[in-house]
Structures are given as C-alpha cells and as structure tokens.
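Chemist: What follows is a structure written as structure tokens; I'll ask about it next.
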C-alpha cells in the first residue's frame, strides 16, 4: 500500500509538471514569419493561418494582407484567402530589375501603398519610391551605408519604415533619422547622429528600436533617452517593434550564409520576441525567415 501511494504521488507530480516538458509560452501579440510553406500568421488567441507564397524575397504584413517581392514582380496577397494582386505591371517591373535591385518592401499604413528601395549593386546611391495604384513615384534618397553596413549596400539593412497612419516614412539620410512626410515630401530630423541601418519605429513615432552588433536599443525621441534593451549574444538581422512599443522581434542569423529563405540546406534562423514590459525574451520559432528577416508583427 505504501509503495502504491508513492507511485501515485510521483504520477501526480509528473502530471502537474507536464512530464518535465514546458508548453511554449503564450505571446500576447499577433506576429507572422516566413517558413517553408509561406507566410504564417500566429494570433494571440491561438489561431493561425498560412499564405502559401512559397519562395519570396521580402514581405511586410498589414491589415490582413502581405506585400511581397517574388520572382519578377511585387504583389499584395490576402493571408486568409491566398488571393494575389500584382502591384506593378510585370513589364514595368522587369525594366526596373534590369538596372536596379529592389528591396525591401514596406506597407504604408492601411492605405494600400507600399514603399520600396531601389539601388544599384556596389553603389552608395539608394532611393525610395512609393507604389500606389500601379504607379511608381520617387520620394527621397536614403543612406546605403552605415555602422552596421561598412562596405556596401547589404540586403539585411532596412533604412526606412512607415508609421501606423501611413502618413510618414522614417528614413535614414546622411546619418540622421528623418521623419519624411509622404504627401508633401518634407522632412523633419528626429535624431541628428544616427548611424544605424537596422531599425523600426513604433505606432506613436516616438520609440525607435535598433540594432548595434548583437544588442537591441530603444531610443525615445521626445526625451532623447537611449536604453539598452538586451545583449542577445548572436548576430541579428531585421528588427520589428509593435505599434504599442511593448514588444520587439529579432532574428538570430548565426547560421545563415546566403540570401535565400528556408528550406535550403544550412539555413537556420531562430525568431525571438522580447516583452519590454516584463523584460522577458521568448524563443518563438525555430527554422524560419531569411537573413533579411522574414518576420513581422501582424498589426
């Protein structure tokens, strides 16, 4: 009887402890990432869906749609229905590709517009264009080199992002962080000495998250305060900050040697989300993304 009680007690302990296996932590933010099937969106209520894009070069997520570069065109796709819509005429895009590299792609709020960066290989010259209703219009210049990118324009770097309302781009120009109004094409300098190429801005436009080496920093524009969020201990690719400024997402690109997404051999990216409020780091996905990032908050 005594032996039976001991076994029963151990069994109860194992059951409570999940047999030593911890369930993945629940992340209180919707997020998406690129895997072998396409772009997968994970929602905080436990549901998820996949847009079967297969191979793509870069994407941005906004309002239930992904905006992405694939083969010889730029597309918008519904993540729930997998319906594709070209953003440019294929011939127009082919003409651009003959002379320029085009990436990354950034959705401009809920407007349906996107911003893209065009540059020539082995060149410092780099420009941002806005695509709206199939038309491409020049917006401004953007830095091609910086402290994260010492030799040439690198595919990892995303030296601009859009605000939540789609009214402004935050652009790195002449080592300054500039808030650039899309409509009237005027700029306001937010940070006068800004050497970092990998950054993102929250929905308020006040918090700037950026990467230096293996560390994440947060800069508050209104106060001029810079905070070291965390030293991750591995090289980082793209960075995303949530609209409310409470979550930061980065990818470990340690084992990535090329520019192709999974499932190519030798590519292993680990995706992390950092909870700024509770100061907690979560490993949320293994084997995902590309060395350019391949992830986004689904806001």
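Values in this text are rule-based calculations from the coordinates and carry no lab data. Values in this document were obtained by computation on a predicted structure and should not be read as measured data. So basically every Cβ, Gly included, is an ideal-geometry build from the backbone, and we count neighbours across all protein chains shown.
Chemist: Pop out the Kirkwood hydrodynamic radius of segment 31-297 from its pairwise C-alpha distances, inverse of mean 1/r, in Å to one decimal.
Modeler: Details: mean 1/r = 0.0542 Å⁻¹.
It is 18.5 Å.
Chemist: Would you mind classifying segment 65-145 by shape? Square roots of the alpha carbon gyration tensor eigenvalues, ordered a ≥ b ≥ c; an a/c under 1.5 is rounded, otherwise it is prolate if a/b is larger than b/c and oblate if not. Before the final figure, lay out the partial values.
Modeler: On the way: a/c = 2.01, a/b = 1.57, b/c = 1.28.
It is prolate, given that a/c is not under 1.5 and a/b is the larger ratio.
Chemist: Between residue 206 and residue 95, with labels modelled 7 Å along Cα→Cβ, what's the label distance in nm to one decimal, could you check?
Modeler: In this crude label model, residue 206 to residue 95 measures out at 4.6 nm.
Chemist: What is the distance in Å between the Cα centres of segment 29-108 and segment 209-247?
Modeler: So the separation of the two Cα centres works out to 25 Å.
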